[in-house]
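A.B. asks: Quick one: structure below, then a few questions.
The values are calculated or read from the model by the stated rules, or taken from the named source; none is laboratory data. All figures in this text were calculated on a predicted structure; none of them were measured in a lab. Counting neighbours? That spans all protein chains shown, and the Cβs are built from the backbone with ideal geometry, glycine included.
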Amino acid sequence: MSDIAIVYATFPDREVAQQVAETIVAERLAACANVMGDCMSVYRWQGDIARDGETPVLFKTAIALATPLRERIEALHPYDLAVAEAWPAGVGDAVFDWVARETGD
């Protein structure tokens, strides 16, 4: 088993999520982006409790690209404070090789 990185980010709607996902994959910063079903986020913002619908996306990338990917998501993101979280994920050798090929890493 080898490690890749999973990067998780939420977007204000499905259209923005798909646009960012397609840009990231086209730029080879991720091999795949899973645009998931809408969710409800509850968070504290500027002293108040906020609640908004969002669209989460999981990006699969090489460990070495996790930071550049997070930075690119933040640059493309419409939020004042875009959150992109990354963590390692163990995958089989075939998936690891595919991610490496598709990201050029």
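A.B. asks: Kindly check whether there is at least one residue in the stretch 26-49 that is assigned to a helix (DSSP H, G or I), in contact with a strand residue (DSSP E or B) (Cβ under 6 Å, 6 or more places away or on another chain) and surrounded by fewer than 20 Cβ atoms within 10 Å (Cβ to Cβ). Working first, answer last.
C.D. replies: Just the residues of the stretch 26-49 that are assigned to a helix (DSSP H, G or I), to begin with: 26.
If we keep only those that are in contact with a strand residue (DSSP E or B) (Cβ under 6 Å, 6 or more places away or on another chain) too, we end up with none.
Within the stretch 26-49, not a single residue is assigned to a helix (DSSP H, G or I), in contact with a strand residue (DSSP E or B) (Cβ under 6 Å, 6 or more places away or on another chain) and surrounded by fewer than 20 Cβ atoms within 10 Å (Cβ to Cβ).
A.B. asks: How about the stretch 45-79: which of its residues are among the acidic types (Asp, Glu) and over 17 Å from the mean Cα position of the chain (by Cα)?
C.D. replies: Filtering the stretch 45-79 down to residues among the acidic types (Asp, Glu) leaves 48, 52, 54, 71, 74.
ASP48, ASP52, listed by residue number.
A.B. asks: Can you run down the residue pairs with Cβ atoms below 9 Å, 6 or more apart or on separate chains, where the first is in the stretch 77-101 and among the charged types (D, E, K, R) and the partner is assigned to a loop (DSSP other than H, G, I, E, B)?
C.D. replies: Within 9 Å, the pairs are ASP93/MET1; ARG101/ALA31.
A.B. asks: Next question. Being surrounded by 12 or more Cβ atoms within 10 Å (Cβ to Cβ), part of a strand (DSSP E or B) and at pLDDT 95 or above is true for just one of GLU22, GLU54. Which residue is that?
C.D. replies: On the way: GLU22 fails: part of a strand (DSSP E or B).
Of GLU22, GLU54, the one residue that is surrounded by 12 or more Cβ atoms within 10 Å (Cβ to Cβ), part of a strand (DSSP E or B) and at pLDDT 95 or above is GLU54.
A.B. asks: Can you pull out the residues in the stretch 72-90 that are surrounded by 13 or more Cβ atoms within 10 Å (Cβ to Cβ) and acidic (Asp, Glu)?
C.D. replies: Within the stretch 72-90, the subset surrounded by 13 or more Cβ atoms within 10 Å (Cβ to Cβ) is 72-74, 76-77, 79, 82-84, 86, 89.
Across the stretch 72-90, the qualifying residue is only GLU74.
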